[in-house]
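Beneath this line is the structure, given in structure tokens, with notes to follow.
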Amino acid sequence: MRPQCSTARRIAQLATRAHGVVTREELLRAGVTPAEVKHLLTIGALLREHRGVYRVGHRAPSVEARYLAAVRACGEGAVLSGRAAAHLFGIVRAPAPPPEVTARTYRRVRGVRTRRAERTATLWRGIPVTTVPQTLVDLAADLSLDDLARACHEAGVRYGTTPAQVKAIGGRYPGAANLRAVLDGDVRVTLSKLEKRFLERLEQAGLPLPVTNRPAGTKRVDCRWPEHRLTVEIDGYRFHNSRYAWEQDREREREAHRRGDAFRRYTYDDVAEDRTFAELRTLISPSVGR
């Protein structure tokens, strides 16, 4: 019994550090014999995820376990990438996509979308993954303009990612024009239903539409009328519910005042109120609508 307990202990130590995922190479280095590996597979204590990559005794793997197993199966230097990386970072809201891995050498792994390339990488939740700026570059060809804008916004809110950091990736890649348009604010995008409702109500009130989600100073602002020196932030909970987002909102307000803009912040309730648009009428131009 002692050897079995010792083997189980060694495996548990390896698996605990890696979402329950171990490789054959790790097991052998830890002193588990090939015969023991075979026996553990037979009794279901190890579950084969990919060739030479196993889960330890759990039949309902987490997303992290699936993603890490895929990365391990693709060899040294492999990293999670694309939509899977975006899901891990939480910058794209959708059900967990299948694993997508970029490696230095091409690997064909069942159930894993693979590509051969060099990528800037980091470690997140114990999983080698492309950096947030690199992930945005990889997403550029796969997402619509609105979805790409939301991903860029989430990256800024969650990780402080700036347009300059994304542009610094450089190189030629599919979707580069779309990503530049989003980063430079050259397309009108709305990030939430609340912003869309705000624009609809502006039209109904006969007020001019602002430029939306474009850089102003060092920050991207929700709505701005440059010719009227007015900046408006729309405070939906989803994009303004963290300490980092709160700090960034305060800096947007300070920058607006430094460039001479009037500044207003509107909530869900404000957008539903006629008085909000009466106030905007006086701020945009006393003559509008007269």
**Q.** Ranking by accessible area, most exposed first, for 148, 283, 47 with a 1.4 Å probe
**A.** 283, 47, 148
(Q) I'd like the orientation of helix 243-258 relative to the chain: the angle between its Cα long axis and the longest Cα principal axis, in ° from 0 to 90, rounded to 10. (A) 30 degrees
Q. If you place +1 on the Cβ of every Lys and Arg, -1 on the Cβ of every Asp and Glu, and leave all else neutral, what size is the dipole of the chain about its Cα centre, to the nearest 20 Debye?
A. 1400 debye
Q | C-alpha long axis of helix 193-204 to longest principal axis of the chain, angle in ° | A | 20 degrees
Q.
As I understand it, the value is the acute angle between the Cα axis of helix 2-16 and the longest principal axis of the Cα atoms of the chain; what does it come to in degrees, rounded to 10?
A. 20 degrees
(Q) What is the percent carbon and sulfur in the accessible area of region 110-178, measuring with a 1.4 Å probe over the protein chains and ignoring ligands? (A) 50 percent
Q) Of the listed peptides 166-173, 77-84, 153-160, what is their order by residue-averaged count of other C-beta atoms within 10 Å, with the highest listed first? A) 77-84, 153-160, 166-173
**Q.** Taking N as its residue count, the alpha carbon Rg of the chain over 2.2 N^0.38 Å
**A.** 1.31
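The values are calculated or read from the model by the stated rules, or taken from the named source; none is laboratory data. Because the structure is a prediction, the values reported are computed rather than measured. Quick reminder, even Gly has a Cβ in these numbers, built from the backbone with ideal geometry, and neighbours come from all protein chains shown. Please note that ligands, DNA and RNA were not included when accessible areas were found on the heavy atoms of the full protein model with its side chains. Shrake-Rupley method; radii C 1.70, N 1.55, O 1.52, S 1.80 Å.
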